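Report on the following structure.
Bear in mind that the values in this text are calculations on the coordinates, not laboratory data. Everything numeric here is computed off the predicted structure, so don't read it as measured data. Here the Cβ positions follow ideal geometry from the backbone for every residue, glycine too, while neighbour counts run over all protein chains shown.
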Amino acid sequence: MNNGAVVRLIDVRKTYRTGDVDVHAVRGVSLDIARGEFVALMGASGSGKSTLMNVLGCLDRPTSGQYFLDGNDVSSLDRDQLADIRNRKLGFVFQNFNLLPRTTARENVELPLLYGENRLTNAQLRERADRVLAAVGLQGREDHHPSQLSGGQQQRVAIARALINEPEVILADEPTGNLDSRTSIEIMSIFQQLNEQGITVVMVTHEPDIARYAKRNVMMRDGVVRDDFTVTERFEGTRELEQIRSTSDEAS
């Protein structure tokens, strides 16, 4: 788009019907996210951040308003068209990892490629999956099943799966919600490194400490954006991890 935005929302509203009651989950959000930004969507339960994330992820259509993704108006696309956009343009990372339990890390990562337009050979699938697994620090774990991996390693597999189709935007929904503090820092360090490589990251979180790893925080309340600011004191994942390791070494 001519304003440089990879994501653009124009007066987006989302209303759900619950019995005889209309629930206005998102009440007129206009938002631009530039290519290469790292944005944290914040807010308490019921603020509208998760509903907005569903719209951004083409998992739901807005009741009104327009959503442009990489210059294309996706607001009124049908189900099949949205599925195609999700697979080509977006990568998803969830709080619960959403890995298939009976398949290996490699096979979990390969899965989005199976739905793509380009049919790859088994050797090509393996090469691409192993490359992104190595990029998130899982070289040597390709044949492990989720039950053989720690929570942090499972989330790394999920990040690799999100990267496999080289998406325009990675959407992360509470990506550290099931992780301890040290592992959370490791995962946020990966997101920072990906963002430094030019990948746009949009993350939902209710934790201010996690939001500070982003470059920009968008605060939501009652379905509208209440604040939108640049983070001036960002946490640096690598530095924070080194501090934790140093403290652990001193304690031992």
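In region 74-104, what count of residues is obtained for those that are over 23 Å from residue 199 (Cβ atoms) and among the charged types (D, E, K, R)?
First, pick out the residues of region 74-104 that are over 23 Å from residue 199 (Cβ atoms): 75-81, 100-104.
Applying the additional criterion that residues be among the charged types (D, E, K, R) yields 78-80, 102.
The total comes to 4.
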Checklist entry - Are there any pairs, at least 6 apart or on different chains, whose C-beta atoms fall under 9 Å, with the first in region 18-43 and of a type in the set (Phe, Trp, Tyr) and the second buried (at least 20 other Cβ atoms within 10 Å of the Cβ) and part of a strand (DSSP E or B), and if so, which? => result 38/200; 38/201; 38/202; 38/203
Checklist entry - Do you know which residues across region 215-224 are surrounded by fewer than 22 Cβ atoms within 10 Å (Cβ to Cβ) and in a strand (DSSP E or B)? => result 216, 217, 219, 221, 224
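Just the residues that are of a type in the set (Val, Ile, Thr) and more than 21 Å from residue 188 (Cβ to Cβ), please, taken from region 18-43. Break it down stepwise before answering.
Step one: filter region 18-43 for residues of a type in the set (Val, Ile, Thr), giving 18, 21, 23, 26, 29, 33, 39.
Matches in region 18-43: 18, 21, 23, 26, 29.
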Checklist outcome for this item: Within region 76-99, the residues that are touching a residue at least 24 places away in the same chain (Cβ under 8 Å) and part of a loop (DSSP other than H, G, I, E, B) are 95, 96, 97, 98, 99
Checklist outcome for this item: Considering residues that are in a helix (DSSP H, G or I) and more than 16 Å from residue 6 (Cα to Cα), the number found within region 164-214 is 19
Item to check | Filtered residues of region 1-32 (kept if closer than 13 Å to residue 225 by Cβ and either of a type in the set (Gly, Ala, Ser) or under 14 Å from the mean Cα position of the chain (by Cα) (or both)) | outcome: 28, 30
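Could you say whether any residue in region 65-79 is more than 30 Å from residue 224 (Cα to Cα) and of a type in the set (Gly, Ala, Ser)? Lay out the reasoning, then the answer.
Step one: list which residues in region 65-79 are more than 30 Å from residue 224 (Cα to Cα), which gives none.
Checking region 65-79: not a single residue is more than 30 Å from residue 224 (Cα to Cα) and of a type in the set (Gly, Ala, Ser).
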